[in-house]
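Computed from the coordinates by the stated procedures, all read-outs in this text should not be read as laboratory data. Fair warning: this is a prediction, and the values are worked out from it, not measured in the lab. Don't worry about glycine lacking a Cβ; one is built from the backbone with ideal geometry, like all the others, and counts go over all protein chains shown.
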Amino acid sequence: MLDCGLDTTSVLNFLPLPLFFPSFQELKECAGRVFVDSQPEFCLPERELLDLSTIDVILISNYHCMMALPYITEHTGFTGTVYATEPTLQIGRLLMEELVKFMERVPKAQSATCWKNKEIQRMLPGPLKDAVDVWTWKRSYSMQEVNSALSKVQLVGYSQKVELFGAVQVSPLSSGYSLGSSNWIIQSHHEKVAYVSGSSLLTTHPQPMDQSSLKNSDVLILTGLTQMPTANPDGMLGEFCSNLAMTIRAGGNVLVPCYSSGVIYDLLECLYQFIESANLGTTPFYFISPVANSSLEFSQIFAEWLCHNKQSKVYLPEPPFPHAELIQTNKLKHYPSIHGDFSSEFRQPCVVFTGHPSLRFGDVVHFMELWGKSGLNTIIFTEPDFSYLDALAPYQPLAMKCVYCPIDTRLNFHQVSKLLKEVQPLHVVCPEQYTQPPLTQSHRSDLMLELQPPPMPYRRCSVLNLPFRRRYERVYILPELANSLVPSEIKPGVSMATVSAVLHSKDNKHTLQSVPKPPPVPPSKKRKRVMEEPPVVLAPKPLLSGAVPLEAFLATLQKHGITEVKVEETADGHILHLQADDTLIQLEEDGTHIVCDNNEPLRTTLRDLVLRFLQKL
Amino acid sequence: MPEIKVTPLGAGQDVGRSCILVSIGGKNIMLDCGMHMGYNDDRRFPDFSYITQNGRLTEFLDCVIISHFHLDHCGALPFMSEMVGYDGPIYMTHPTKAICPILLEDFRKITVDKKGETNFFTSQMIKDCMKKVVPLNLHQTVQVDDELEIKAYYAGHVLGAAMVQIKVGSESVVYTGDYNMTPDRHLGAAWIDKCRPDILISESTYATTIRDSKRCRERDFLKKVHESIERGGKVLIPVFALGRAQELCILLETFWERMNLKAPIYFSTGLTEKANHYYKLFITWTNQKIRKTFVQRNMFEFKHIKAFDRSYADNPGPMVVFATPGMLHAGQSLQIFKKWAGNEKNMVIMPGYCVQGTIGHKILNGQRKLEMEGRSTLDVKLQVEYMSFSAHADAKGIMQLIRMAEPRNMLLVHGEAVKMEFLKGKIEQEFSIDCHMPANGETATVTTNPSVPVDISLNLLKREMALGGPLPDPKKPRTMHGTLIMKENSLKLVSSEQALKELGLNEHQLRFTCRVQLQDPHSDPDTLNRIYTHLKSVLKGYTIQHLPDGTVMVESIVIKVSSSAEDTSTKVLLLSWSYQVKHFYFYNVISSNTRAVKRLILIAINRQISIVNHD
């Protein structure tokens, strides 16, 4: 299984988890849209298509793509192994922990189910009506399930070769998108599949993308392209800073709904350079999340996974990210939640980074309620996962300013086609969406993949046969056998040898061994042996090739005392009549036929003489 | 037969200046490039002239690998790369790359600035040397070139210590560097997978020791320190700035906390804080417990341990001082030792191995009068204690690693000859593998017997696997036959038919025909039919066909019947078969029936069998 992501856009259909919730009512209208008032639910990966207990291995490409792990590895009979890099595991754990804590803080007594009834759902307006598979939507998992799921993760490093059942080798490569993010190579000795998911060619904090190892793939599975193909990340970053400065100067507060790891590191680094020049030195920056501290700390200890610049900092030794300095100088403060210390230390105007970017749960809900009514304040969306209009819908009408600068550093179509030109895969497999322009911009033919041969598209639940035929497998010839082989040269540079050997196959590894000589039968056990079947290990006769030249063959016959030979020419060759023995030999370009009655010794002699002229395969 | 050659230039039947040359599959690799603490002359560095008498080493070495930052493993690196000359890649882990230049600079300062030696490497040379370093991640397979690959495993010994696997084709060598098989207070235990190297090159510092439990040693250590403090004495613990020092600091810190002790603990040199910072940034290289809790409490921020100033040595009252270097051969530890040696209330605890020739080694061997520079002598009155804290595997640990990796041969370095001899015997006895222990400049050669990798056509493989029945039975060998085609660098094993095609050869059919007469009054088709029915009943499991053109085929043997016009009861049986007919098609026919015709046919076929059978 390649990745195990959670579709969290489903939570947009739910009301935000408020701090104090009113009486229970399943559906609620809010600013012209209907929302479900219930614990938010997530849309899971497909679980009906195949028996999940038959999955041997899950490869994770980055920490955003593992959020559904507990649903898959728990309660399904899954007994396999999950492979991920150390930063992916550690930060993935933090994101899951954050999700669980957000949900557990404001538990809803029951979850709404009536609206899922087909009859009722049909009557509902807007996106709710069109939501698919709503019965499979699930509430958040528990911390216990997270721990159990993550205990199945086996850590791997970039370029580490991991053998799976002796059949294939998998290896993660840096994908440049986030800390520890990886593309995967799945290969046997003769076939190579590259799984490219969530890659970035921009220089941000992670190690740059490893492109060269993707070369010579038979199939390249491409996914995780940017969701914002028209937004330039650098431009967005500039817009982010200027809007932030403008709001603060006007005395307003800035709210940045974000994930606790990833782009936030780049935002903080950008602000680190920007603060002084924009004269924001005294503005407090707050990062509020149950895992804020851990996320900031963890980011500093994964030097091996960072870009070269940051890596060389630890040699000094200095922390690789400048947010360490922001914290030290008290410019950036982090809190587990708005309760406790934060409520007493909190000063305005300020900048708050907090989750969840869907605005449906987490501390961000509190700030929406607190600041939403004032036009001085600004909310800046940086995460590309959610439509900002949908995210804001339940809060309407809203006086607060909204700025949308999604920062998605993943590959855009232009970069992809350049990359594919570089790595030259034989076939490309990608989601159907990439093969046509976006619905809203159908004239933009530059926003799709155009390749020769055209990519093979897939959609949910479609089964695709990858277009290669396996023709060869690796087998090891043991030294003893290898030494006994007698090669003969067929043409310059090409030789051959016939091999008869015993094949051993174990754990998908094949070895060839010399055919063992039958063990000498100890005399005492002779009687018992006779009863047993003789071992059938005789070599079959080889195929023959070549032709028998007439003159040379006649000379050979003569040498062996066969002199009375009458030669008769035919359309395809010659017939030799051995008059003394009433035997015929038909010599042709591609065949020899010996017609000989009841004279076994002669037949054998003739056969051996013919064989002298032929190549055996 | 391919060979792997191993030649220690240092650390062969000795501890110090580790430097081992390995030749494998046409590649030459240098493992470690250390200095010897026991010498101040040429013998301090490995003898690189062994590699070449004149000039640079670049063309003789494919790569250099440094296992960890201790000077006896990397101290000669700038000398080798900058003064002898080597421009190829030098591999080491990230922490080693970070810490190694600091220790080298320290070493340089002591040698040049304090002892006034000339003709030594400079600060610039250390920098230039470090530019050639390529960082290694754990378990990452690094392709040095198309054929040579290396992979690092966790070794535990100090922060960033690694064991390396070197692989060319199917031949491989594992070099352990220094390692530790039991986790300690700040590091985890060494680990390697069952990689079955041709040679495992292991250190053997504690070849004959089986150490008691770590807990006992720690208790002992704390007791000794505590007693000394109680009676107002000063305790000197010579250490290397990084490694053991951190472990002992954690130990003392928690003890002081628990016992509420007030005596000051100092750590010499400005390196401490910096060193602790490295530990913090490289926390992923420490043990499980520290990694788990680092967000809440960083184990490397000490409350009780403060920086040492030279003047503190004369302060009255008890104190504990960690001072570098660890073998009392130079620097601050030696200065303090000289100051405190005269008072029997004081104590020096040597927490690690001391190389021959160092003061540490001398006092551990009970020497009480030391000759110092300038012909003065020093009376040693303070208590001398030795505590084996250095994180090397003991005999038990070495055996454990052998069990983990399952090498085909063993080679011992980094230990004393007598002790090695003992361990060698034990290894050879327990694992029945050869164990080598070459001295410096001596070459150990191991013949390897690599299997030949070949690409087998999947058709052939599947056919052969299917012959063995649906489930492979390891006890029943399956014979397979095919043709190996050798073309340029590729080796392909295919079925003979495919080989003909691939090589563009025509097949030559060799057929035999023989006529057998028999008496049968029936009509020709009837006779054939009777033959067919009979064969069908006796040859179970063979393909027998009665074809419309008046032939019966048993597998590929063709049987025809004809009779002469004059005598219709004399039938001529035509048997025709190709050279490739397998004899055992007819294996079961020999036992037989009674009826006359059938017998005749059988005789006919039997004769044919005997003909075909005859090889």
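Miscellaneous remarks
- Taking other Cβ atoms within 10 Å as a rough exposure proxy, A:E145, A:E489, B:E227 sort from fewest to most as A:E489, B:E227, A:E145.
- Against the empirical curve 2.2 N^0.38 Å, the C-alpha radius of gyration of region A:168-245 lands at a ratio of 1.36.
- 222 nm mean residue ellipticity, helices alone, for chain B (DSSP H n ≥ 4; -39,500 (n - 2.57); rounded to 500): -8500 deg cm²/dmol
- 3J(HN,Hα) along region A:37-48: 9, 6, 4, x, 10, 10, 8, 8, x, 4, 10, 8 Hz, from the Karplus curve 6.51 cos²θ - 1.76 cosθ + 1.60 with θ = phi - 60°, whole Hz, x for Gly and Pro.
- Net charge in the neighbourhood of A:L426 (other residues with Cβ under 15 Å of its Cβ; Lys, Arg +1, Asp, Glu -1) is +3.
- Here, region B:239-348 has an Rg and a Dmax of 14.8, 46 Å when only alpha carbons are counted.
- Net charge of Cβ neighbours under 15 Å - reference A:F613; Lys, Arg +1; Asp, Glu -1: -2
- Within the protein assembly as shown, DSSP assigns beta bridges of which about 60% are antiparallel (rounded to the nearest 5).
- Using the Karplus relation 6.51 cos²θ - 1.76 cosθ + 1.60 with θ = phi - 60°, the per-residue 3J(HN,Hα) values for region B:171-185 come to 8, 8, 10, 10, 10, 7, x, 9, 8, 9, 9, 10, x, 10, 5 Hz, with x marking Gly and Pro.
- Average projected area [Cα convex hull, region A:286-372], square nanometres: 6.8 nm²
- Taking Cα centre as origin and charging only the Cβ of basic (Lys, Arg, +1) and acidic (Asp, Glu, -1) residues, the dipole magnitude of the protein assembly as shown rounds to 2980 debye.
- Partner lysines whose Cα lies under 19 Å from the Cα of B:K501, excluding those fewer than 8 positions away in the same chain, are identified as A:K491, A:K541, A:K616, B:K487, B:K492.
- Dipole-positive endmost among A:Q452, A:G176, A:L370 within chain A (Cβ charges, Cα centre): A:L370
- Relative counts (whole %) of C-alpha pair distances in region B:85-229, using bins that are 10 Å wide: 10, 28, 29, 23, 9, 1, 0
- nm² value of the averaged projected area, convex hull over the Cα atoms of region A:432-501: 10.1 nm²
- Centroid-to-centroid, using Cα positions, region A:391-435 and region A:221-284 are 18 Å apart.
- Where labels lie 7 Å past Cα in the beta-carbon direction, separation of B:R403 and A:N147 in nm: 3.1 nm
- Toward the positive end of the charge dipole of the protein assembly as shown, with +1 on the Cβ of Lys and Arg and -1 on the Cβ of Asp and Glu, the farthest Cα among A:C405, A:L332, B:S390 is that of B:S390.
- From its DSSP helices (H runs of at least four residues, each -39,500 (n - 2.57)), chain A gives a residue-normalised ellipticity at 222 nm of -7500 deg cm²/dmol.
- For region A:167-175, Karplus couplings with θ = phi - 60° (6.51, -1.76, 1.60), whole Hz, Gly/Pro x: 8, 9, 10, 10, 8, x, 10, 4, 10
- A cut-off of 5 Å between modelled amide H atoms, ignoring neighbours fewer than 5 places along the same chain, links B:S563 with B:V572.
- Between 0 and 90°, nearest 10: helix B:417-431 axis offset from chain B longest Cα axis: 30 degrees
- Trypsin sites (Lys or Arg not before Pro) within region B:189-279: DSSP coil, no more than 15 neighbouring Cβ in 10 Å: B:K194, B:R231, B:K262
- With contacts taken as Cα pairs under 8 Å at a separation of at least 6 residues, region B:19-80 carries a relative contact order of 42 percent.
- Loop-located trypsin sites (Lys or Arg not before Pro) in region B:340-390 whose Cβ has at most 12 other Cβ within 10 Å (DSSP): B:R368
- For chain B, the normalised intensity computed at q = 0.07, 0.12 Å⁻¹ comes to -0.58, -1.19 (log10 of I(q)/I(0), Debye sum over alpha carbons, equal scatterers, no solvent).
- Under the shape rule built on the C-alpha gyration tensor, where the axes satisfy a ≥ b ≥ c, the protein assembly as shown is oblate, since a/c reaches at least 1.5 while a/b does not exceed b/c.
- Kirkwood-based Rg to Rh ratio, region B:1-98, C-alpha trace: 0.95
- Placing unit charges on each Cβ (+1 for Lys and Arg, -1 for Asp and Glu) gives chain A a dipole about its Cα centre, and among A:V256, A:S151, A:A68 the Cα reaching farthest toward its positive end belongs to A:S151.
- Between the alpha-carbon centres of region B:121-144 and region A:31-56 there is a gap of 49 Å.
- Each Lys and Arg Cβ is given +1 and each Asp and Glu Cβ -1; about its Cα centre, region B:238-387 then shows a dipole of about 260 debye.
- DSSP bridge pairs, chain A: antiparallel proportion in percent, nearest 5: 55 percent
- Cα gyration tensor shape for region B:1-57, rounded if a/c is under 1.5, else prolate or oblate: oblate
- Whether chain A is rounded, prolate or oblate, judged on the alpha carbon gyration tensor where a/c under 1.5 counts as rounded: prolate
- Unit charges on C-beta of K, R, D, E only; dipole of region B:1-75, Debye: 60 debye
- Whole-angstrom Cα spans of region B:108-168 along principal axes, big to small: 44, 28, 16
- Net charge, A:T282 excluded, C-beta distance under 15 Å - Lys, Arg +1, Asp, Glu -1: +2
- Label zone at A:V106, where the point sits 7 Å out along the Cα-to-Cβ direction: region A:138-167 residues whose backbone N lies under 16 Å: A:140
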